[in-house]
Protein chains: 2
Amino acid sequence: MTLSRKQREIAERHALFLEIAHEILSVEGFHVLSMERIAELAEYSKGTVYQHFSCKEEILVQLCNQSMHTLCSFFERAASFDGTPRDRITALFYAHQLWSSIGSNQTEMLQHLAMHGVRDKATEASLLAHDQLEQRIFSCALGIIEEAIKTGDLPNRKKPSASEIMFACWSLGTGGQLLMTSDIRLSELGITDPSSSLLSMLTHTLDGLDWQPLHKDAHFKKLITKLNTDVFAEEFEQVKLQSIKDNQN
Amino acid sequence: MTLSRKQREIAERHALFLEIAHEILSVEGFHVLSMERIAELAEYSKGTVYQHFSCKEEILVQLCNQSMHTLCSFFERAASFDGTPRDRITALFYAHQLWSSIGSNQTEMLQHLAMHGVRDKATEASLLAHDQLEQRIFSCALGIIEEAIKTGDLPNRKKPSASEIMFACWSLGTGGQLLMTSDIRLSELGITDPSSSLLSMLTHTLDGLDWQPLHKDAHFKKLITKLNTDVFAEEFEQVKLQSIKDNQN
DNA sequence: GTCAAATTATGACGTTAAGTCAAAAAATAG
DNA sequence: CTATTTTTTGACTTAACGTCATAATTTGAC
C-alpha cells in the first residue's frame, strides 16, 4: 500500500522534528528554538516543518504531551502498586520526582507552557490532549486520597479536603522541581539530594494529617527500596547512570 | 545645580520605563514586551531605552529585583513579629502568599528569570543584586527555623535539617503560586482560596515535624486575624479591593 | 509506461523586533 | 555667542516568524 508508506514517512518525520526540537530545548532552551534551525538539522526546508507544526508553541505543547504521557504511565504504575493508600501516595510523589530527574527539562517545558501567551498560539487539539492528560494525572492522585478517606486511614475532614491535599502535594513536588532547575545552589545549603528531602518532608506532612499508618523508618526504607529496585527499577538505573555522567563533567 | 537636575530626570525616566514594562508584562506577558513598545508608550526613542537597559532581560531582572525587595520587606516584617518561632514561620508563609496576591505576575516574572538563557543576557550588577536579595530572603526563613531548634520547639534532627525544612516550605509556597497562575482551574476542584489551603497544609506539615506549640484552631485564627488587621493591614486591604474588582470583570 | 491531477516540499518574500551606531539635537562651559 | 561634551534619535543590519506561489513529486487512470 503506497499511501500508507507516505503516511509512515510523515509520521517518522514528525517524530524526528520533535526529537530535534527536544534536543535543542534541553541544551539551549526555548528562546533559541527556531523553526529554521529544526529544518536545517533535519535537512528539510522551513515550510515542511510548518506543515507539521503551526508554530514553535505547538511543538512545545506536543513535547509536553509526550512528557506528560510518561508521567501518566509512571503515576498509573505507582497507583496500582500493592500497598496501603499511604504507600501509594508516597509512590506517586516518588514517581513525580523520578520523572523530573529523567528529563532534566520536563518541568521547564511545562512551566513555559503555562506562561502568558503560549497556550494562545497552540492548536485546540493539542491543548485538549494536554488537558486530558492533566486530568488523568490529577484523578490518579485524587483517587488514592479519596480511598484513604474511605478506608479511614485519613480522617474525613472538611478542611483540608482531598482536593486541597492533592493541590498541596502537587505544589510541593512542582515547586521543588522548579527550585532545583533554577539557579539557586541548593548544595550550598547542604541539600545534596533535593528529591529525597521533599519525599521526607512529604512523610512529615502525611503524619501531620494523621494519615495512617504513621511513618516508620524501617517500613519507609523498605518502600523506597522496592520502588528503586522493583516498580521503577529500569528508570532508577537510568537516573543513576545519568547522574554519574553529569558528575564527570 | 544643573547636573543633578539632569540626573534626576534620568532616574525618573528609568522608573517610568520600568513602570511601563511592568504594565505590559502583567497584561500581556514577556513575549510581547518590546523595547520599541516601551519607547513608544513613554514617548522616547528606542535608543534612549537602550541607554537605560541593555536588553529585555535586563528590564526583567530589575523588575524582579523590585519585586523581591518588596518580598524582603514583607519577610523582615513577618520575622520581627512578636510570637513563637512557629507563629513567625507561619507569618512568613502568609507574607509570601500575600506578596504573590498583590502582584499577579510576581511569580511569573521570577519564573521567567530562572529560565534557560535569561540570566546570561542580564548585567552582572543586576544579577548580583538579585542574588543578594535571594540570600536575604532565605536567611530570614532559615533564621527562624534555626531559632526554633535552639529553643527546643523543633526537635533537633539530622534529617530533615533546617535547610531542608526551608527548602520544602519554599517549594510548597512557590509551587502553589505556580499552579495558581497556570491554567488549571482550581475552583473546579473546589479550591476557592488556594493560599489559605496552602497555609493550612503548612500547619499540618509543622505538626508533622512536631514543631511546638502544635496547631490549635483558636490560636491559629487569632494569628491570621492579627496578620490581616495589624502586621499586614494595608496590604491585606489592597488584595481585598483587588479581588473585588477582579470578580466584577 | 505515460500523463494529467493531486499532493507535498521549497525557499523567496513581507513583517516584526533586536541591537548598533553615526549623525542630529541639546546642554554645558568658556 | 560659540566650541565642546553629552544625550537623543531613527536609519540600518540581522534574525526569525509565518505565508504562499511555484516547483517537485506522487498517484491513479488508461
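The values are calculated or read from the model by the stated rules, or taken from the named source; none is laboratory data. Since this is a predicted model, take the numbers as computed values, not measurements. As a convention, Cβ positions derive from the backbone with ideal geometry for all residues, glycine included, and neighbour counts pool all protein chains shown.
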Checklist entry - Just wondering, is there one or more residues in the stretch B:110-117 that are part of a loop (DSSP other than H, G, I, E, B), within 16 Å of DNA strand D (Cβ to nearest atom) and surrounded by fewer than 18 Cβ atoms within 10 Å (Cβ to Cβ)? => result yes
Next on the checklist: If I ask for residues that are free of Cβ contacts under 8 Å to residues at least 12 places away in the same chain and more than 8 Å from chain A (Cβ to nearest Cβ), which ones from the stretch B:153-179 would you list?
Outcome noted: B:Asn156, B:Arg157, B:Lys158
Item to check | Matching option when the condition is modelled with pLDDT under 95, within 29 Å of A:His112 (Cα to Cα) and in the same structural domain as A:Cys64 (by TED's automatic domain parsing), among A:Ile184, A:Ile165, A:Ile137 | outcome: A:Ile184
Checklist outcome for this item: Looking across the stretch B:10-59 at residues that are away from DNA strand C (no atom under 11 Å from the Cβ) and within 14 Å of chain A (Cβ to nearest Cβ), the single one that is surrounded by the fewest Cβ atoms within 10 Å (Cβ to Cβ) is B:Val27
Checklist outcome for this item: Here the residues within the stretch B:182-205 that are facing chain A (nearest Cβ under 7 Å) and touching a residue at least 60 places away in the same chain (Cβ under 8 Å) are B:Leu198
Item to check | Hits in the stretch A:120-151 - residues which are among the hydrophobic types (A, V, I, L, M, F, W, C) and in contact (Cβ under 8 Å) with a residue 60 or more places away in the chain | outcome: A:Ala122, A:Leu127, A:Ala129, A:Leu133, A:Ile137, A:Cys140, A:Ala141, A:Ile144, A:Ile145, A:Ala148
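For (1) under 20 Å from A:Leu186 (Cα atoms); (2) at the interface with chain A (Cβ under 8 Å from one of its Cβ atoms); (3) in contact with a strand residue (DSSP E or B) (Cβ under 7 Å, 6 or more places away or on another chain), each residue gets a yes or a no:
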| site | (1), (2), (3) |
| --- | --- |
| B:Ala114 | yes, yes, no |
| B:Glu124 | no, no, no |
| B:Leu128 | yes, no, no |
| B:Glu134 | yes, yes, no |
Checklist entry - Inside the stretch A:206-225, can you point out the residues that are within 9 Å of another protein chain (Cβ to nearest Cβ), part of a helix (DSSP H, G or I) and either in contact (Cβ under 8 Å) with a residue 12 or more places away in the chain or β-branched (Val, Ile, Thr) (or both)? => result A:Leu206
Checklist entry - Among the listed residues B:Ile59, B:Ile102, B:Ile38, B:Ile89, which satisfies the condition of being over 30 Å from B:Asn228 (Cα atoms) and under 18 Å from the mean Cα position of the chain (by Cα)? => result B:Ile59
Checklist entry - Does at least one position in the stretch B:226-241 carry a residue that is free of Cβ contacts under 8 Å to residues at least 12 places away in the same chain, within 14 Å of chain A (Cβ to nearest Cβ), within 23 Å of the chain's Cα centre (by Cα) and more than 25 Å from A:Thr203 (Cβ to Cβ)? => result no
Checklist entry - Of the residues A:Thr229, A:Thr181, A:Thr225, A:Thr192, which single one is in contact with a Ser or Thr (Cβ under 7 Å, 6 or more places away or on another chain) and of a type in the set (Val, Ile, Thr)? => result A:Thr181
Checklist outcome for this item: Listed by first then second residue, the pairs whose first member lies in the stretch A:33-53 and is farther than 19 Å from A:Met109 by Cα and assigned by TED's automatic domain parsing to the domain that holds A:Met109, whose partner is near DNA strand C (Cβ under 7 Å from one of its atoms) and among the acidic types (Asp, Glu), with beta carbons under 9 Å and at least 6 positions apart or on separate chains, are none
Checklist entry - Which ones in the stretch A:170-184 are hydroxyl-bearing (Ser, Thr, Tyr) and surrounded by fewer than 21 Cβ atoms within 10 Å (Cβ to Cβ)? => result A:Thr181, A:Ser182
Checklist entry - Across the stretch B:64-80, what is the total count of residues that are more than 11 Å from the chain's Cα centre (by Cα) and either in the same structural domain as B:Leu18 (by TED's automatic domain parsing) or surrounded by fewer than 22 Cβ atoms within 10 Å (Cβ to Cβ) (or both)? => result 4
Next on the checklist: What's the total number of residues in the stretch B:185-200 that are part of a loop (DSSP other than H, G, I, E, B) and surrounded by 18 or more Cβ atoms within 10 Å (Cβ to Cβ)?
Outcome noted: 1
